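Here the structure is laid out as structure tokens; the discussion comes afterwards.
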Ligand code: SF4
């Protein structure tokens with residue numbers, strides 16, 4: 001397929017890996033912020049290609065992984081209301097709340113349906129005028145414009161039985177929170193490619209300017225990631241810290257003007273939003289703006305809105321910050337598996353724990369950690 | 001859920017409501033192109049598709065440039081190999 005195959009050529013990958021090994025003069029830790037990158041890194045075994053002195057830390061950029069227990073509970077409570085059709089992306093079905101998941105709620109009679117697009121949820125609302133259709137909106141700036149355009153469409157068509165349970169989050173406050181956490185040790189970031197198609201690369205410029213760390217915004221194919229790691233290594237060895245853009249075919253400095261406009265029209269920032277494992281982060285969440293408040297499920301339904309502490313056994317917080325690796329969690333692969341997840345990092349294929357579990361590179365990773373690297 | 005795929009616009013289905021048909025690996029589907037400018041949402045263009053929406057037009061010239069750089073990195077390695085093997 002065009003724009004995919006040419007970024008998967010094995011011979012170039014090997015040369016690139018050799019070049020990276022050649023250029024890397026000391027142990028380096030880079031974080032890929034985005035779950036999409038985590039997915040590619042595991043699917044194509046990129047860690048096996050990289051030299052031993054480069055460690056990839058898998059960051060908090062998987063929106064399914066950071067949704068807190070309390071919000072899942074709220075979603076379930078809406079799904080259980082009589083007359084509701086509750087719609088969600090597939091990944092969110094298994095995310096555990098404090099007692100059950102949406103999948104459990106569905107099994108016990110709630111009308112929970114998987115959709116590919118928020119537009120499909122809107123279609124369902126039009127087809128079922130007697131029911132109230134709620135869409136569980138999840139994701140960073142990548143996905144938020146899609147929700148926004150869908151809400152605008154609902155308004156235009158006067159679809160009153162459609163609403164959104166909004167859990168959209170923004171990447172920059174999360175990055176700031178990470179950079180400010182004292183236990184974090186990183187040499188640079190792979191910047192999220194798809195978020196950046198919307199917000200551009202300019203919002204990351206504070207990272208080198210204020211924290212002295214390089215950022216390379218990266219595409220999602222194996223060669224994209226290898227090239228971006230190479231660019232990061234070059235910045236480090238040359239003593240530079242800049243925002244560079246490897247994903248120029250989809251990303252520019254200023255982002256997508258139209259997408260940003262609809263975001264500002266439909267959403268406004270929340271004072272605080274809770275992230276699983278990371279705690280409450282100021283201005284990191286979005287809710288529907290006053291103009292579209294009648295499509296806000298939180299106002300339409302009574303939700304418990306309780307804050308629930310993360311499960312004790314779960315170390316998702318440390319995992320998301322890259323302080324611990326998944327296999328260091330006591331319940332990894334035993335009590336916590338993709339079938340019976342305890343933490344949300346085990347749910348989505350973009351979550352670090354699920355990625356380690358599914359792609360079975362454990363023995364190699366254990367070897368490495370035993371060797372003390 | 002944050003993954004996106006490249007597809008080619010094959011038809012403008014409903015300009016008023018920003019709906020276009022795209023083809024991805026032989027499969028066709030309507031997507032919403034409301035995030036793109038009119039000239040970006042033209043038949044023949046490649047766009048990046050995520051949850052039923054085209055997020056951005058894929059820039060061919062930039063894509064070529066990335067590939068050129070990628071190949072160049074490889075070439076340097078070849079030269080380096082030759083340099084090494086002929087140095088003894
Ligand atoms: S293995 Fe499970 S419980 Fe442990 S950190 Fe990962 S998701 Fe949380």
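The values are calculated or read from the model by the stated rules, or taken from the named source; none is laboratory data. Bear in mind that the values here come from a model prediction, so they are computed numbers and not experimental data. Backbone-built Cβ (ideal geometry, glycine too); neighbour counts: all protein chains shown.
Scanning the stretch B:53-70 for residues that are in contact (Cβ under 8 Å) with a residue 40 or more places away in the chain and touching a helix residue (DSSP H, G or I) at 6+ places or on another chain (Cβ under 8 Å) gives a single hit, B:55. Only a single item in (1) within 14 Å of another protein chain (Cβ to nearest Cβ); (2) buried (at least 20 other Cβ atoms within 10 Å of the Cβ); (3) in a loop (DSSP other than H, G, I, E, B); (4) out of contact with any strand residue (DSSP E or B) (no Cβ under 6 Å at 6 or more places or on another chain) is not met by residue A:341, and it is number (1).
Taking the criterion of being farther than 10 Å from residue A:72 by Cα and either touching a helix residue (DSSP H, G or I) at 6+ places or on another chain (Cβ under 6 Å) or facing chain B (nearest Cβ under 10 Å) (or both), the residues of the stretch A:95-107 that qualify are A:103, A:105. What about residue A:314, is it within 30 Å of residue A:27 (Cβ to Cβ), modelled with pLDDT under 85 and either more than 16 Å from the ligand (Cβ to nearest atom) or part of a loop (DSSP other than H, G, I, E, B) (or both)? Considered against the rule, which asks whether it is within 30 Å of residue A:27 (Cβ to Cβ), modelled with pLDDT under 85 and either more than 16 Å from the ligand (Cβ to nearest atom) or part of a loop (DSSP other than H, G, I, E, B) (or both), residue A:314 comes out as yes.
Restricting attention to the stretch B:30-47, and to residues there that are more than 14 Å from the chain's Cα centre (by Cα) and surrounded by fewer than 13 Cβ atoms within 10 Å (Cβ to Cβ), which single residue is nearest to residue A:258 (Cα to Cα)? Before you say what the answer is, go through the steps one by one.
Just the residues of the stretch B:30-47 that are more than 14 Å from the chain's Cα centre (by Cα), to begin with: B:30-39, B:42-43.
Of the ones still in play, those that are also surrounded by fewer than 13 Cβ atoms within 10 Å (Cβ to Cβ) are B:37-39, B:43.
Values: B:37: 8, B:38: 11, B:39: 13, B:43: 20 Å.
For the stretch B:30-47, the residue satisfying everything is B:37.
Residues of the stretch A:317-334 that are within 11 Å of the ligand (Cβ to nearest atom) and surrounded by 13 or more Cβ atoms within 10 Å (Cβ to Cβ): A:317, A:318, A:319, A:320, A:324, A:325, A:326, A:327, A:329, A:331, A:332, A:333.
Does residue A:244 satisfy being away from the ligand (no atom under 16 Å from the Cβ), touching a residue at least 24 places away in the same chain (Cβ under 8 Å) and in contact with a strand residue (DSSP E or B) (Cβ under 9 Å, 6 or more places away or on another chain)? So that I can check it myself, show each step before the final result.
Numbers: away from the ligand (no atom under 16 Å from the Cβ): yes; touching a residue at least 24 places away in the same chain (Cβ under 8 Å): yes; in contact with a strand residue (DSSP E or B) (Cβ under 9 Å, 6 or more places away or on another chain): yes.
Here the answer is yes, as residue A:244 does meet what is asked.
Looking only at the stretch A:3-40, which residues are assigned to a loop (DSSP other than H, G, I, E, B), facing chain B (nearest Cβ under 7 Å) and surrounded by 14 or more Cβ atoms within 10 Å (Cβ to Cβ)?
Filtering the stretch A:3-40 down to residues assigned to a loop (DSSP other than H, G, I, E, B) leaves A:3-4, A:8-9, A:24-27.
Checking the rest, the ones that are also facing chain B (nearest Cβ under 7 Å) come to A:3-4.
Matches in the stretch A:3-40: A:3 only.
Comparison of B:66, B:56 shows that the only residue that is closer than 30 Å to residue B:18 by Cβ, at pLDDT 90 or above and within 7 Å of chain A (Cβ to nearest Cβ) is B:56.
For the stretch A:254-286, the set of residues classified as at pLDDT 95 or above, part of a strand (DSSP E or B) and surrounded by fewer than 20 Cβ atoms within 10 Å (Cβ to Cβ) consists of A:268, A:269, listed by residue number.
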